[in-house]
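Comments concern the structure below.
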Amino acid sequence: MKAQGLTACPRCGGDLDSARQIERSVREGTDVALVNVVADVCSRCGETLLHPGMVELLAHAREVLRKGSAAPAVGKVFDRRNEAA
C-alpha cells in the first residue's frame with residue numbers, strides 16, 4: 001500500500017521505495033521514545049511519506065511519554081551540546 005496512493009515523490013519526482021519500516025523518535029520533555037513506522041521513502045531526495053495511521057501512532061507514543069508510562073529503557077542519553085566544538 002502506497003502512502004496517499006502516490007507512485008512518485010511529490011517533492012522531486014523520484015521513485016518511492018514502498019512500505020519500508022523506519023525508526024522515528026518522539027520527544028516529550030527530556031524523554032524520547034523510538035517508534036517503528038511504515039513509510040514510503042524517495043530514493044532520490046529521501047522524502048518520507050508516512051502510511052495511514054502512522055501519525056496517530058506517533059501521537060500515541062507522545063501521549064504515553066506525557067503520562068510517564070513508557071516502554072523499558074534501552075540505554076542512556078548524554079547531553080554534550082554545551083561542550084566546545
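Derivation of every value follows stated rules applied to the coordinates shown; laboratory data play no part. The structure presented is a predicted model; accordingly, all values stated were derived computationally and were not measured. Positions of Cβ are backbone-derived with ideal geometry, glycine not excepted, and every protein chain shown enters the neighbour counts.
For Ala73, the conditions (1) part of a loop (DSSP other than H, G, I, E, B); (2) surrounded by 11 or more Cβ atoms within 10 Å (Cβ to Cβ) are fulfilled apart from (2). Residue-level check: of (1) in contact (Cβ under 8 Å) with a residue 24 or more places away in the chain; (2) among the charged types (D, E, K, R); (3) part of a loop (DSSP other than H, G, I, E, B), Arg24 misses just (3). For Ser18, the test of being in a loop (DSSP other than H, G, I, E, B) and either hydroxyl-bearing (Ser, Thr, Tyr) or touching a residue at least 60 places away in the same chain (Cβ under 8 Å) (or both) is failed.
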